[in-house]
Amino acid sequence: MDKGLAGIYENLVKYLLGIVAVTSVLILLLIFYFLIREGAGLFSHVSLPGFIFGTEWLPDAEPPRFGALPLITGSLVVTTGAGIIAISIGIGIAVFLAEVAPRSVREVAKAVIELLAGIPSVVYGFLGLTVLAPLIKDMLNLPSALCAFTASIVLGIMALPTVVSISEDALDAVPREYREASLALGATKWETTWRIVVPSARSGLLAASMLGLGRAIGETMAVLMVAGNATLIPHSIFDPVRTITADIAAEMGETVHGGLHYQALFGLGIVLFSITFFINMVTDIVFARTSSKRGAS
Amino acid sequence: MENKMETRKLSVYYKNFQALYSVDLPIQKNAVTALIGPSGCGKSTFLRALNRMNEVIEGTRVEGEVLLDGKNIYDPRVDPVALRKKVGMVFQKPNPFPMSIFDNVAYGPRIHGIKKKTDLEQIVHKSLAAAALWDEVKDRLYKSALGLSGGQQQRLVIARVLAVEPEVILMDEPASALDPISTAKLEDLIHQLKQNYTIVIVTHNMQQAARVSDYTGFFLNGELIEYNTTTAIFTAPREKRTEDYITGRFG
Amino acid sequence: MPAAKRLKEQLGFSALAVLTCLAIVPVLAIVGMLAWKGWPALTWEFLTQPPRKFLTQGGIFPAIVGTLGLTTGTILIALPLGIGTAIYLVEYAGKNIFTRVIRLAIINLAGVPSVVYGLFGLGLFVLTLKLGRSLAAGALTLGFLTLPIIISTAEEALLAVPDDYRHASLALGATKWQTIRRIVLPAALPSMITGAILGISRAAGETAPIMFTAAAIYIPSLPSSVRDQVMALPYHLYAVATEVPNVPDHMAFGAALVLLAIVSGMNLIAVAIRTRMRLKRMR
C-alpha cells in the first residue's frame, strides 16, 4: 500500500502538465518583451507624447516623421463605427433569437452566424473591395468608397457574430423564473424582455460588446483593403483612413530590420497591444464581478 | 467477530465546516453495517472517509484514525490509490463508463496490470456472475453499458468493483435511484456478497437497513448517536433520539 | 392585454425579426455571389498547376500546398500545448494565484490582434531564432495564435465530462492520470476535436501573422523543407486583389472561393461531429 514508483510517475505527469500550462504565460511575456525590445529604440528619436500625439506619419520623409495620431484616430473612427453597427444590431439579433424566434429558426440562424464567424478576414476584405465598395460608391455618389464608412460596415459585419453569440448566451442564462414572475404580474413579453431579461443580462451584453470592439480594433486585412489607407486625420466618415493595424501590415515589408521605421512599427504594436490588453482586463473584471456575485447567491 | 475496519475519534471538516465529530465505529468482518440518519447527518461523509474519497473534494481535512486490518489508512505513507483497490465503492447514481459492458468490468483489472485476454474474460465472467448480472448480459457484453436499465447498471457497477477484488465494499445509497424490483434484486445480492466481503451501506430507507444489515449506526448532526446490532437498534434503541427517528421514519 | 400594448409588442418583435434578416441575408448574398463569380475559375489546371507570368496565368497549387503545410504545423504546435494546458487547468490546478495568472494570460492571448502575433513572430522566430521567413516560423506564429482557442474549447470539453466517471474510476483504485487517460480523455475527445478544428480553420485563413513570417507573393515551386518560404492562399488573395496588377477577375474570385471552401469545409466537419455527438447522447 506504500507509495512507490507509480506515485513518482503521477507527480511527474502533473508537473509536466503544469509546465505546459505555463507556456501561455511565457508567450504573453515574450510578446510583450519583443514588442518593447524591437520598438524601444524609436523613443530615443521621438518622445512618447510626440509619437502618440504627433500628427504627421511620414516614414519616407527626410528626416522621417513618426506621429501616430492619424493612425490612432483612424483606428478609433473605424472601431467606433463598427462598434455602433455590431453592438446595436448584434444585441437586437440576440434578443430576437433568444426570446422570440422559434427553435428551428434559432438553430439555423446560429449555424449561419457561426459560419460567418469562420470566414477569413481577407475574404471579407476582398468582398468589401470588389462588391461592397462599388455599390456604396454608386449609391452615395462618392468619388471613392474606400473610406472609414465602408471599413466600418465591413468591420461591423465581421464583429457581429462575436456580439450575437456571446449576447445570446448571456440572455439564455437569465433564469426562467424571472421571466415567469414578470409575466405573472401582467407584463407583456415585450416589457419583460426589455425591463427584466436585458437588464439581468447586462454584464454579459457588456462583455459581448467589449469583445466585439476588441475584435474590430485588432482586425487588419479587411481594413487594409477597404479603408483607403490615407495617413491623414479624417474630417468626415467618408474620408479615407489608415488604422494602426493596417499601417503595420502595409509598411513592414519595406522596412530595414532594426531601422527607425521598423522600430516605429513595433511602437505601433505596443500601442495596439496596450489598447487590447486594457479592453481584456476590463472585460475580465466585469465577468469576474458577475460570476462571484452569482456564486454568492 | 473481528473488526475489519475501525474509526477512532474521526472528525472531518469541509473548509470551516465540521461535518463529523469524533466518531468511533467498528466495522465487523463479513457482515453488513448500515449507516442511517437524516440528510446532512454526516453518514455519507463518514462513508467517503473510509476509502479517502473525500480527498477528491478540495478543502477537506480529517482528524483521528481509520484502521484497516489494524493499520491507519491516513498514515502519510499510505497510497490512497492502493487503498481504494482494497476498499471499493458503489455510488448513489449508477455511473457506468461510456464504454462496453465488458470494458467497464475489465477497467479495474486492466489499470492494475492484467493484460491477457483470457484472464480478463475469466474475471469479467466471474464478477458479472457474482453480481447476479451474467445471465442478463452475456449475449451483449460488447454493447454499450449505457443501454442497460438503472437496476442493471447498478449491478454492473458492483461487478466492476468486484473485479478489482476488494475486501471492503462501501455503498452510498445504492438503491435510491432504483425501482422496487431492482431494489429487491440488489438486496438479495448484498446478502450473498457478505459471505466474502465486508459491506458498509448508507441508506435512507429504514426497511432496507432492517432487511439487509447485521449492524447499524445512527448518525445525527455529524455525531454517531448509537451503534448496535440491527435487531437491537430497531427493537430496543437505547437513545431517545434513535427511537424518534426510527419510529418517525416507519410511521 | 390592451390593444395598444399588443400592437407595440408585435411591432417590436417583428422589427427585430426584420433586423435579423437584414443583417444575415445580404452577407449570405455576397458570399453566394463569390461562389457564382469564382466557380468558372475552378478548373483542374487552376487547382493543380503553379502560377505563371507573375500570377496572371496558371493556377494556385503552391498556395494551397503552403496553406495546408502551415495548417499542419499549427496543429502540431497548438494541439499538444493546448490540450495539455486544458488538462492541467481542469484536472490538477488548485484555486491559487498560479492558476489565476495562467487564466489571465490565456484571456489576454486570445485578445492579442493577429498583426501583433505577426510582429512577435518576426522578432522571435524570423530574426532572433534565425528561422528566416519560412514555413516553420509561420507555423509557430499561427500555432501560438491558435493556442488560446484550443485551450478554451478543450477545457469546456473536459468540464462536460461528469464527475461521476472520475469518482468511479478513482474508487476502483485507478490513479489520477490513469483516470484522465482512460476515462476522461476518451469521453471528451469528440468535443475536443470539434473545438480544435474550429480553431485551426481560423488559423488557416489568417493573413497578417504570416505576412512577415512565412508568406511570399510568387514562388511557383513547392517548398522542399520547413525552412523555405511558401505561398499561402490568404496572402495570395490579398496580393492578387491589391498589389499585383492585371490579374483577371475570375482568378481572384476563384482563389477566394477555394480559401472559403477550405475554411468552411473544416467548420462543417466540426459542426457535423458535434451534431452526431448530440444525437448519440440523446439516444
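The set of residues in segment B:98-132 that are surrounded by fewer than 22 Cβ atoms within 10 Å (Cβ to Cβ), assigned to a loop (DSSP other than H, G, I, E, B) and of a type in the set (A, V, I, L, M, F, W, C) comprises B:MET99, B:ILE114, B:ALA132. Going by what's in this entry, would C:SER225 be described as surrounded by fewer than 22 Cβ atoms within 10 Å (Cβ to Cβ) and either more than 18 Å from the chain's Cα centre (by Cα) or among the β-branched types (Val, Ile, Thr) (or both)? So C:SER225 fits the description; yes.
Within segment B:211-219, can one find any residue that is part of a helix (DSSP H, G or I) and among the aliphatic types (A, V, I, L, M)? Yes; the residues of segment B:211-219 include at least one that is part of a helix (DSSP H, G or I) and among the aliphatic types (A, V, I, L, M). Among the candidates A:PHE273, A:PHE277, the residue that is assigned to a helix (DSSP H, G or I) and either touching a Pro at 6+ places or on another chain (Cβ under 9 Å) or not assigned by TED's automatic domain parsing to the domain that holds A:PRO70 (or both) is uniquely A:PHE273.
Restricted to segment C:70-91, and to residues that are touching an Asp or Glu at 6+ places or on another chain (Cβ under 7 Å) and within 9 Å of chain A (Cβ to nearest Cβ), which residue is farthest from C:LEU198 (Cα to Cα)? Restricting to residues being touching an Asp or Glu at 6+ places or on another chain (Cβ under 7 Å) and within 9 Å of chain A (Cβ to nearest Cβ), the top hit is C:LEU89. Selection of first residues in segment B:208-220 that are more than 19 Å from B:GLN192 (Cα to Cα) and of second residues that are of a type in the set (Ser, Thr, Tyr) and assigned to a strand (DSSP E or B), restricted to Cβ pairs under 9 Å at least 6 apart or on distinct chains, gives the following pairs, ordered by first then second residue: B:GLY217/B:THR33; B:GLY217/B:TYR227; B:PHE218/B:TYR227. Only one entry of C:ILE210, C:ILE200 meets the criterion of being under 30 Å from C:PRO245 (Cα atoms), touching a helix residue (DSSP H, G or I) at 6+ places or on another chain (Cβ under 9 Å) and not hydroxyl-bearing (Ser, Thr, Tyr), and that entry is C:ILE210.
Looking at the structure I just gave you, is B:THR242 in contact (Cβ under 8 Å) with a residue 24 or more places away in the chain and of a type outside the set (Gly, Ala, Ser)? Step through it out loud before you land on a result.
Details: in contact (Cβ under 8 Å) with a residue 24 or more places away in the chain: yes; of a type outside the set (Gly, Ala, Ser): yes.
So B:THR242 passes the test.
Residue-wise test of (1) within 14 Å of chain C (Cβ to nearest Cβ); (2) assigned to a strand (DSSP E or B); (3) in contact (Cβ under 8 Å) with a residue 40 or more places away in the chain.
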position	(1), (2), (3)
B:PRO38	no, no, yes
B:CYS41	no, no, yes
B:PHE46	no, no, yes
B:GLU65	no, yes, yes
B:LYS85	yes, no, yes
B:GLY88	yes, yes, yes
B:PRO96	yes, no, yes
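Listed by position, the helices (runs of 4 or more DSSP H) enclosed by segment C:101-216 that each have at least 3 residues that are assigned by TED's automatic domain parsing to the domain that holds C:VAL271 and surrounded by 24 or more Cβ atoms within 10 Å (Cβ to Cβ) are C:114-121, C:135-159, C:163-171, C:185-205, C:208-211.
For segment C:45-56, state whether one or more residues are under 14 Å from C:LEU257 (Cα atoms) and in a helix (DSSP H, G or I).
Initial filter on segment C:45-56 (under 14 Å from C:LEU257 (Cα atoms)): C:46-47.
Then keep just the ones that are in a helix (DSSP H, G or I); that gives C:46-47.
Yes: one or more hits.
Residues that are in contact with a strand residue (DSSP E or B) (Cβ under 8 Å, 6 or more places away or on another chain), in a helix (DSSP H, G or I) and not polar (S, T, N, Q): does segment A:21-43 have at least one? Yes, the conditions are met somewhere in segment A:21-43.
Each row is one residue, and each column tells you yes or no for (1) within 16 Å of A:ILE85 (Cα to Cα); (2) charged (D, E, K, R); (3) in the same structural domain as A:GLY81 (by TED's automatic domain parsing).
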{"residue": "A:VAL154", "(1), (2), (3)": "yes, no, yes"}
{"residue": "A:LEU171", "(1), (2), (3)": "no, no, yes"}
{"residue": "A:LEU213", "(1), (2), (3)": "yes, no, yes"}
{"residue": "A:MET221", "(1), (2), (3)": "no, no, yes"}
{"residue": "A:SER236", "(1), (2), (3)": "no, no, yes"}
{"residue": "A:ASP247", "(1), (2), (3)": "no, yes, yes"}
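Take A:ILE87 and decide whether it is surrounded by 16 or more Cβ atoms within 10 Å (Cβ to Cβ), at the interface with chain C (Cβ under 7 Å from one of its Cβ atoms) and not basic (Lys, Arg). No, not satisfied.
Of the residues making up segment A:6-30, those that are surrounded by 13 or more Cβ atoms within 10 Å (Cβ to Cβ), within 8 Å of chain C (Cβ to nearest Cβ) and farther than 19 Å from C:ILE150 by Cα are A:ALA6, A:GLU10, A:VAL13, A:LYS14, A:LEU30. Within segment C:231-250, identify whether any single residue is surrounded by fewer than 17 Cβ atoms within 10 Å (Cβ to Cβ), of a type in the set (D, E, K, R) and more than 10 Å from chain A (Cβ to nearest Cβ), and answer yes or no. There is no residue in segment C:231-250 that is surrounded by fewer than 17 Cβ atoms within 10 Å (Cβ to Cβ), of a type in the set (D, E, K, R) and more than 10 Å from chain A (Cβ to nearest Cβ). Would you confirm, using the coordinates I've provided, whether B:ILE181 is touching a Lys or Arg at 6+ places or on another chain (Cβ under 7 Å) and surrounded by fewer than 20 Cβ atoms within 10 Å (Cβ to Cβ)? Criteria not met by B:ILE181.
When A:LEU58, A:LEU35, A:LEU76, A:LEU71 are screened for being in the same structural domain as A:VAL112 (by TED's automatic domain parsing) and in contact with a helix residue (DSSP H, G or I) (Cβ under 6 Å, 6 or more places away or on another chain), only A:LEU71 passes. Of all the listed residues (C:ILE75, C:ILE87), the sole one being within 30 Å of C:PHE253 (Cβ to Cβ), assigned to a helix (DSSP H, G or I) and either under 18 Å from the mean Cα position of the chain (by Cα) or not aromatic (Phe, Trp, Tyr) (or both) is C:ILE75.
Look at segment C:170-194: where a residue is away from chain B (no Cβ under 11 Å) and a partner is crowded, with 19+ Cβ neighbours inside 10 Å and among the basic types (Lys, Arg), sitting 6+ places away or on another chain with Cβ atoms under 9 Å, you get C:ILE180/C:ARG166.
Restricting to segment C:31-45, give me the number of residues that are within 19 Å of A:ILE113 (Cα to Cα), facing another protein chain (nearest Cβ under 10 Å) and either among the basic types (Lys, Arg) or surrounded by fewer than 18 Cβ atoms within 10 Å (Cβ to Cβ) (or both).
Going through segment C:31-45, the residues within 19 Å of A:ILE113 (Cα to Cα) turn out to be C:31-35.
Next, from what is left, pick out any that are facing another protein chain (nearest Cβ under 10 Å): C:31, C:33-34.
Now drop any that are not either among the basic types (Lys, Arg) or surrounded by fewer than 18 Cβ atoms within 10 Å (Cβ to Cβ) (or both), which leaves C:33.
Here the count works out to 1.
Among the helices (runs of 4 or more DSSP H) confined to segment A:127-235, the ones with at least 2 residues that are under 20 Å from the mean Cα position of the chain (by Cα) are located at A:148-172, A:202-218, A:221-226.
Return the total of residues in segment A:92-105 being surrounded by fewer than 23 Cβ atoms within 10 Å (Cβ to Cβ) and in a helix (DSSP H, G or I). Let's see the steps before the verdict.
Of the residues in segment A:92-105, the ones surrounded by fewer than 23 Cβ atoms within 10 Å (Cβ to Cβ) are A:92, A:98-105.
Filter again for in a helix (DSSP H, G or I), leaving A:92, A:98-100, A:103-105.
Number satisfying all stated conditions: 7.
A:VAL108 fulfils the conditions (1) of a type in the set (A, V, I, L, M, F, W, C); (2) more than 22 Å from the chain's Cα centre (by Cα); (3) surrounded by 18 or more Cβ atoms within 10 Å (Cβ to Cβ) except for a single criterion, (3).
The values are calculated or read from the model by the stated rules, or taken from the named source; none is laboratory data. Please read these numbers as outputs of a predicted model, since none were measured by experiment. FYI the Cβ positions are ideal-geometry reconstructions off the backbone, even for glycines, and counts take in every protein chain you see.
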